[in-house]
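First the structure, in the form of structure tokens, and then the observations on it.
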Amino acid sequence: MTRTSASILKILSAYGLITAAMILSNIGVIAQEAKAPDLAALRKQFDEAVRTGDRARALDLATQMIAATEPEHVEALYAVAQLHARMGHREQAYIYLNRAIRGGIRGSRPAARG
């Protein structure tokens, strides 16, 4: 095998590994998206559990609803705090920032434009 052939094989092997890594990482993303809970379905199951008196099931479903919505909820609180601050509404900004912090926001987030 010539040096050129060996170099080409190394390049192709590296390209193959990169391609495989990209495919595998996309499969993980697709699997996560497939596992994303349907909030409407959870709510319907929750309502049914409450109606039938199955408190343990209702509690489990309510916990799942919180887990499904909490990250977006906290981000929204932070965004509202930023906008209030930019508009000069200091008291409201502090109220929403405190709620975002209590909700578990960590570190810094990108600033709202405007």
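Each reported figure results from applying straightforward, stated rules to the coordinates on display, with no laboratory input. Computed from a predicted model, the values in this text were never measured in an experiment. Backbone-built Cβ (ideal geometry, glycine too); neighbour counts: all protein chains shown.
Taking a quarter of the surface of the Cα convex hull of region 38-114, what do you get in nm²?
That works out to 6.5 nm², a quarter of the Cα hull's surface.
Can you give the FRET efficiency to the nearest 0.05 for Lys44 and Arg102, using r as the Cβ-Cβ distance and R₀ = 30 Å?
After rounding to 0.05, the efficiency reads 0.55.
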